[in-house]
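Trainee: Here it is, the structure, as structure tokens.
Each reported figure results from applying straightforward, stated rules to the coordinates on display, with no laboratory input. From a predicted model like this one, the values you see are computed outputs, not experimental measurements. Positions of Cβ are generated from backbone atoms using ideal geometry, with glycine treated the same way; all protein chains shown enter the neighbour counts.
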Amino acid sequence: MKKIPVRHLKDSFFENRFSIRAIEPLVANVDLIHELHRHDFYFILFIKNGNGEHEIDFVKHVVKDFSVFFIRPGQVHQLKLQKGSSGFMIQFTSDFYGPKEVPAMQVLRKVSNKNLCQLSEMRIEQIYLLLNSILQEFTQKQERYTEVIKSYLNVLFISIARQSYHPNKIPNEAKLYAQERLEELQDLLEKNIHTKKQVNDYAEMLSMTPYQLNAITKASLKKTVSELINEYIILEAKRILIGTVSQVNQVADTLGYDDPSYFIRFFKKQTGLTPEAFRQNFK
């Protein structure tokens with residue numbers, strides 16, 4: 001079984017920290033096929049017109065007109081895009097946009113929280129104007145062009161985030177607060193699931209009580225924090241099982257389990273399969 005490759009921005013046809021390109025030249029005469037792999041950068045696929053299939057973290061999505069796909073660093077995905085499709089690809093590293101400025105980090109977290117966003121025709125036209133402006137800045141590379149691109153990205157992500165809200169139903173402050181804490185929690189789970197698996201750990205990092213945090217996850221997702229933690233453990237276990245040739249005991253150790261047999265029982269309880277059976281079924 002081959003190990004899933006990890007793609008780095010410098011290894012592709014994109015430049016070091018950020019790049020954008022139209023997809024039309026890639027699918028002019030043939031389908032675009034990306035085999036299963038994972039990134040160490042953000043990848044965004046904007047589809048104006050097109051068809052295909054995009055599998056992200058073992059969930060299959062249908063590619064159709066006005067779709068936007070967000071892939072976060074560490075996620076695994078594979079893509080088949082039919083020839084004749086139109087749109088854009090954007091890729092950037094986490095140090096290019098986000099972590100140094102809290103507002104930018106918050107908006108990036110909000111839009112990348114869902115892997116698929118289906119836009120309206122009116123919204124896609126607005127976004128296309130922004131994408132073409134970004135492409136122009138990237139191509140011409142005039143003075144301080146990276147600052148302009150970051151500003152355009154901010155507007156772009158806010159515009160996409162607005163799609164989630166009904167124009168006549170602006171979320172109140174309490175709902176916005178809960179949504180932001182949930183997005184922070186999911187970000188923390190993605191980054192710390194190997195070493196932290198207790199509700200108290202995440203409540204403490206968010207300066208909340210476990211009761212407060214559970215209230216948010218139950219209201220937003222109909223799940224407890226423990227259930228959410230278990231989902232992230234299983235997701236990361238699947239990524240490792242499919243992405244490496246590590247033995248199951250090594251996978252357990254990577255995820256912080258001293259007892260491989262306990263990990264196997266936990267995995268089977270959550271999925272109905274042993275880790276090795278899951279790996280064999282995925283071949």
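Trainee: Which of the aspartates and glutamates could a cross-linker bridge to Lys48, judged by Cα under 15 Å and excluding same-chain residues fewer than eight apart?
Mentor: Glu24, Asp65, Glu121, Glu125
Trainee: If you don't mind, another one. Report the net charge of residues surrounding Thr217, where surrounding means a beta-carbon distance below 10 angstrom and charges are Lys +1, Arg +1, Asp -1, Glu -1. The partial results should precede the final answer.
Mentor: Working: positive: Arg181, Lys218, Lys222, Lys223; negative: Glu227.
Value of the local net charge: +3.
Trainee: Next up: According to the square roots a ≥ b ≥ c of the eigenvalues of the Cα gyration tensor, what is the shape class of the range 6-162, taking rounded for a/c under 1.5, prolate for a/b larger than b/c otherwise, and oblate for the remainder? Don't jump to the answer; show the numbers that get you there.
Mentor: Working: a/c = 1.33, a/b = 1.26, b/c = 1.05.
Rounded shape, in that the Cα axes give a/c under 1.5.
Trainee: May I pose another question? Strictly over 19 Å apart at the Cα level, which of Lys238/Lys283; Lys60/Lys238; Lys197/Lys269; Lys218/Lys268; Lys60/Lys110; Lys83/Lys150 would you flag in this model?
Mentor: Values: Lys238/Lys283 13 Å; Lys60/Lys238 15 Å; Lys197/Lys269 17 Å; Lys218/Lys268 25 Å; Lys60/Lys110 21 Å; Lys83/Lys150 31 Å.
With Cα atoms farther than 19 Å apart: Lys218/Lys268; Lys60/Lys110; Lys83/Lys150.
Trainee: Here's a follow-up. Rounded to a whole number of µm²/s, how large is the Stokes-Einstein D of the range 44-111 at 4 °C and 1.567 mPa s, given Rh as the Kirkwood radius over C-alpha pairs?
Mentor: Values: Rh = 13.1 Å.
The Stokes-Einstein estimate is 99 µm²/s.
Trainee: Here is a further query. Check Lys48: other-chain or 5+ apart residues with amide H under 5 Å from its amide H, H built from backbone geometry?
Mentor: Amide H to amide H, under 5 Å and 5 or more residues apart or across chains, Lys48 pairs with Phe66, Ser86, Gly87, Phe88.
Trainee: Give, to the nearest whole percent, the P(r) tail of the range 173-282 beyond 23 angstrom, counting all Cα pairs.
Mentor: Working: 1993 of 5995 pairs.
Cα-Cα pairs of the range 173-282 separated by over 23 Å account for 33 percent.
Trainee: Follow-up question, since we're still on this one. Residue by residue through the range 179-184, what is 3J(HN,Hα) from phi via Karplus (6.51 cos²θ - 1.76 cosθ + 1.60, θ = phi - 60°)? Round to whole Hz and write x for glycine and proline.
Mentor: Running phi through 6.51 cos²θ - 1.76 cosθ + 1.60 with θ = phi - 60° gives 5, 5, 5, 5, 5, 5 Hz.
Trainee: Return the sequence-ordered ³J(HN,Hα) values of the range 157-162 in whole Hz as given by the Karplus equation 6.51 cos²θ - 1.76 cosθ + 1.60 applied to θ = phi - 60°, using x for Gly and Pro.
Mentor: 5, 5, 4, 5, 4, 4
Trainee: Still on this model: Say each of Ser86 and Gln247 gets a label point 7 Å from the Cα, pointing the same way as Cα to Cβ; how far apart are those two points in nm?
Mentor: Distance between label points: 5.6 nm.
Trainee: Note the full-extension length gain between Leu130 and Glu180 as 0.36 nm times their separation in residues minus their Cα-Cα distance, in nm to one decimal.
Mentor: Working: separation 50, 0.36 × 50 = 18.00 nm, distance 2.55 nm.
Difference between extended and current length: 15.5 nm.
Trainee: List the residues, sorted by chain then number, that are 5 or more residues from Gln75 or on another chain and whose placed amide H is less than 5 Å from its amide H.
Mentor: His39
Trainee: What angle do you read, to the nearest 10 degrees and between 0 and 90, between the alpha-carbon axis of helix 210-221 and the longest principal axis of the chain?
Mentor: Orientation of helix 210-221: about 50 degrees from the principal axis.
Trainee: Cα-Cα pairs above 36 Å in the chain: how many percent? Spell out each step's value before the answer.
Mentor: On the way: 7772 of 39903 pairs.
Of all Cα-Cα distances in the chain, 19 percent exceed 36 Å.
Trainee: Report the full-extension gain for the segment Glu53 to Thr254: residue separation times 0.36 nm, less the Cα-Cα distance, to one decimal in nm. Walk me through the numbers before you get to the answer.
Mentor: Details: separation 201, 0.36 × 201 = 72.36 nm, distance 3.11 nm.
Gain in length upon complete extension: 69.3 nm.
Trainee: To test your reading of the geometry: what angle, between 0 and 90 degrees and rounded to tens, separates the Cα axis of helix 260-271 from the longest principal axis of the chain?
Mentor: 60 degrees
Trainee: Further question: Run lengths n ≥ 4 of DSSP H only: what is the helix-derived mean residue ellipticity at 222 nm for the chain, with -39500 (n - 2.57) per run over all residues, to the nearest 500?
Mentor: Numbers: 10 runs with 134 residues, N = 283.
Mean residue ellipticity, 222 nm, calculated: -15000 deg cm²/dmol.
Trainee: Under a point spin-label approximation (7 Å from Cα along Cα-to-Cβ), what is the Leu26-Tyr145 distance to one decimal in nm?
Mentor: 2.0 nm
Trainee: Additional query: When all alpha-carbon pairs of the range 104-234 are counted, what percent fall beyond 17 Å?
Mentor: Working: 5598 of 8515 pairs.
For the range 104-234, the fraction of Cα-Cα distances above 17 Å is 66 percent.
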